[in-house]
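First comes the structure, then the notes that go with it.
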Amino acid sequence: MALRPLLARYDQLLVDLDGCLWVGDEPVRGAADALAQLRADGKALSFLTNDVRSAPEELVRKLWRLGFQASLDEVVTAGAALQFTLAGRGTPGSAFVIGTLALVEHVASAGLRIANRTEFASRADVVVVGAHAGFDYAELRTAVQAVVRGAELIGLSRDPTYPMPDGPWPATGPLLAAVEAASGRRADRIIGKPEPALYEAARDRLGPGRCLAIGDRLDTDVAGARRAGIDQALVLTGATDAEQAAAADPAPTHVADSLAALVLA
Ligand SMILES: [Mg+2]
C-alpha cells in the first residue's frame with residue numbers, strides 16, 4: 001500500500017473517532033489499514049474527539065481493540081481540554097457536573113471541588129454539561145438553579161447526536177440546550193469542536209508542522225478546523241452524506257467516501 005500524493009502536503013493528521021474510525025463498536029472498513037500506512041510514512045497523529053463519555057485511557061483501549069495502534073498522548077478529548085481550561089482559572093471553586101465519571105474526574109483533577117450529591121450542588125461556582133446515559137430531571141433542576149444563581153455554564157460541545165449502529169443517539173447539545181432553555185442563559189464557554197480548545201491542545205502536543213484535520217461532521221470537524229486555520233477533510237462514513245457534502249458552502253478542502261479512500265492510493 002501507499003499514500004495518495006495529496007498526503008505529501010501534510011506532516012500531521014488530526015483524526016476524529018466516531019464516524020471516522022468507528023461507528024459504535026464497529027470499525028470503519030479500511031480505516032485501520034489507512035492509519036497504519038500513515039504511521040509507516042512517518043505522519044504524526046492526534047485523535048480529537050468531542051466524546052465525553054469515555055476517559056482517554058478507555059479510548060486508547062477501544063482503539064487497540066478495534067485494530068488501531070494508538071498511544072495515550074495522541075488522544076485529545078473534550079474532557080482533557082476542559083481540565084486544561086479549568087486548571088487555568090484563578091479561583092478553582094466548586095463544580096456541579098452533568099456527565100460521566102470520566103468527566104467528573106477531569107473536573108476534580110483541575111482542582112475544583114465536586115458539589116454533586118452535596119447540599120451545595122445548586123450553589124456551585126461552575127456547571128459543566130456533558131452527555132451521559134443517566135441524565136435526569138433532578139440534575140437538570142440542580143444545574144438550572146446553580147446557573148440562575150450565577151454559576152459559570154460550560155458545555156463540552158453543542159453536538160446534537162453521535163452515530164450509533166441503530167441510529168443517532170443524543171449527544172451533549174440537547175442536554176446543554178435544556179439547561180439554557182430553563183435558566184434563560186447561554187453557555188459561557190464551549191470546549192469541544194468547533195471551538196478552538198481541542199485544536200490548541202493537539203497542536204501544543206504535536207509542535208509545528210503542516211496539518212490536516214479529518215472528520216465526519218461539517219458543523220464541528222470541518223468548521224472547527226477551518227476556524228483554526230487548518231485544512232479539512234470530510235469523510236462520509238458518519239454524520240454527513242454525499243448530498244450534504246456537495247452542498248457545503250464553503251466546501252471542505254477535501255471530501256472522500258472514507259478515511260481509506262482519502263489516504264490510500
Ligand atoms: Mg465524528
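Scanning for something surrounded by 15 or more Cβ atoms within 10 Å (Cβ to Cβ), within 14 Å of the ligand (Cβ to nearest atom), in a loop (DSSP other than H, G, I, E, B) and not assigned by TED's automatic domain parsing to the domain that holds VAL147, does the range 195-204 turn up at least one residue?
Taking every residue of the range 195-204 in turn, none turns out to be surrounded by 15 or more Cβ atoms within 10 Å (Cβ to Cβ), within 14 Å of the ligand (Cβ to nearest atom), in a loop (DSSP other than H, G, I, E, B) and not assigned by TED's automatic domain parsing to the domain that holds VAL147.
Within the range 142-180, count every residue that is among the hydrophobic types (A, V, I, L, M, F, W, C) and assigned to a loop (DSSP other than H, G, I, E, B).
4
Residues to consider are ALA95, ALA87; find the one that is small (Gly, Ala, Ser) and either surrounded by fewer than 22 Cβ atoms within 10 Å (Cβ to Cβ) or within 16 Å of the ligand (Cβ to nearest atom) (or both).
ALA87
Test of understanding: among GLY173, GLY155, GLY184, which residue is in contact with a Pro (Cβ under 6 Å, 6 or more places away or on another chain) and at pLDDT 95 or above?
Residue meeting the stated conditions: GLY173.
Return the total of residues in the range 134-165 being away from the ligand (no atom under 16 Å from the Cβ) and free of Cβ contacts under 8 Å to residues at least 60 places away in the same chain.
Selection size over the range 134-165: 21.
For ASP73, all conditions in the list (1) crowded, with 18+ Cβ neighbours inside 10 Å; (2) farther than 20 Å from PRO27 by Cβ; (3) touching a Lys or Arg at 6+ places or on another chain (Cβ under 8 Å) hold save one; what is the number of the exception?
(1)
Let me confirm something: among LEU82, LEU112, LEU38, LEU21, which residue is at pLDDT 95 or above, closer than 24 Å to GLY155 by Cβ, surrounded by 16 or more Cβ atoms within 10 Å (Cβ to Cβ) and of a type in the set (A, V, I, L, M, F, W, C)?
LEU112
Counting only residues that are within 16 Å of the ligand (Cβ to nearest atom) and at pLDDT below 95, which one in the range 205-220 is farthest from GLU152 (Cα to Cα)?
ARG217
Taking strands (runs of 3 or more DSSP E) that do not extend beyond the range 25-141, which have at least 2 residues that are under 17 Å from the mean Cα position of the chain (by Cα)?
Answer list for the range 25-141: 44-49, 75-77, 126-129.
Going through the range 167-194 one residue at a time, which ones are more than 13 Å from the ligand (Cβ to nearest atom), under 18 Å from LEU86 (Cα atoms) and not aliphatic (A, V, I, L, M)?
Those that are more than 13 Å from the ligand (Cβ to nearest atom), under 18 Å from LEU86 (Cα atoms) and not aliphatic (A, V, I, L, M): ASP188, ARG189.
Residue by residue through the range 203-232, note down the ones that are closer than 16 Å to GLY192 by Cα and of a type in the set (S, T, N, Q).
THR220
Among all residue pairs at least 6 apart or on different chains, which show Cβ distances below 6 Å where the first residue, located in the range 212-230, is basic (Lys, Arg) and the second is within 16 Å of the ligand (Cβ to nearest atom) and outside any loop (DSSP other than H, G, I, E, B)?
Cβ pairs passing all conditions: ARG226/GLN232.
The values are calculated or read from the model by the stated rules, or taken from the named source; none is laboratory data. Note that the structure is predicted; figures quoted are calculated from it, not measured. Note: ideal-geometry Cβ built from the backbone for every residue, glycine included; neighbour counts use all protein chains shown.
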